[in-house]
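Below: one structure, written as C-alpha cells.
The values are calculated or read from the model by the stated rules, or taken from the named source; none is laboratory data. Nothing here was measured: the structure is a model prediction, and the numbers come from that model. Methodologically, a virtual Cβ is constructed for each residue, glycine included, from the backbone with ideal geometry; neighbour enumeration extends over all protein chains shown.
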Amino acid sequence: MSKVDSACCCLQVDQSTVAIKETFGRFGDVLHPGCHCLPWCLGHQIAGYLSLRVQQLDVRCETKTKDNVFVTVVASIQYRALADKASDAFYKLSNTREQIQSYVFDVIRASVPKLNLDDAFEQKNDIARAVEDELEKAMSMYGYEIVQTLIVDIEPDEHVKRAMNEINAAARLRVAANEKAEAEKILQIKRAEGDAESKYLAGLGIARQRQAIVDGLRDSVLAFSVNVPGTTPKDVMDMVLVTQYFDTMKEIGASSKSSSVFIPHGPGAVRDIAAQIRDGLLQANTTLQ
C-alpha cells in the first residue's frame, strides 16, 4: 500500500489509497497517491490508510412478511470512501461495515412487514431503493458514498418454499388436465362427425346399390318376358329368387370358416319366401292406398 524510507523521510502512497497524516497526534492532512515528504522528527506520522476502492458488503436479514411468512432477505451493498471526506471516513466510524449493516436491518425490517410474500418478490427494486436512500443520507455525513444497493435474494422458510412449489405444480396440473379434456372433447366431436359422415355416405351407397338392383331386376324381367313368350313377371321373380338362393348357399359353402346359418335351409322354402315377400308388398300397397 505504501513504502516509507526512514532515512530520507519519504512516503509513497499507492493508487486508490490515501494516507492520513497526523502531527503530534492531531489530524494534519490527507496524503493522496504519490511520493510525500514526512519529516518524522517534526512530529509528523501516518495514522493509517484509507482505501478509495468500491467495497461490497453482503447482509442477511431475517424478517417477517405481512402474511406472517418468515424470510431471509440478502442485500448487497456497494460503497466507497470519498477522497474529499477522507478524514471523516477515517475518524468518525470505528466499524463501517457494522454501521452499514445496522441501517440495512432497520430499513428491511421496516419495509418487508408491510408486504405480502408475493409482493415482496415483485417489489425487490423498491426495497433496494429504500435501503439505498436511507444509507445515502446516513453515510454521507461519515464520508462514504453508497454506489449501489441490490436485493439479491429473498429466501422463505423451506416448508413455505415446498408449499409454494406444490401450489404451482397443482395449478399446472389443473391447466394440463383442462387442456387434455379439451383435446379429448375435440377428438370425440371430430370422431362423431366422421362417423356421421361415414354413415351418410354408407346410406347413399346402399340406396344406390338397391336402386341398381331394382333397375337390374326390372330390365331382367322385361327382357325375359320378351324373349320367353307366355311367362309372367311372377314366374320371373320366382326364378330370380331361386337363383339368388343357390348363389347364397354356394358362397356359404365355399368358406371353410363360415359361421353363417341360412334358415330355412330347404330348397322348397324358396316358394314360401317369395310368397311372404309378395304378401308384404301387396299389404304395403293396400295400406298406402
Look through segment 121-149, keep the residues that are over 11 Å from Ile77 (Cβ atoms) and in contact (Cβ under 8 Å) with a residue 60 or more places away in the chain, and return whichever of them is surrounded by the most Cβ atoms within 10 Å (Cβ to Cβ).
-> Gly143
For Val107, the lone unmet condition from (1) modelled with pLDDT under 90; (2) buried (at least 18 other Cβ atoms within 10 Å of the Cβ) is (1)
Segment 31-67, subset in a strand (DSSP E or B) and of a type in the set (S, T, N, Q), residue surrounded by the fewest Cβ atoms within 10 Å (Cβ to Cβ) = Gln56
Selected residue (only one of Asp118, Asp88 is surrounded by fewer than 16 Cβ atoms within 10 Å (Cβ to Cβ) and at pLDDT below 90) | Asp118
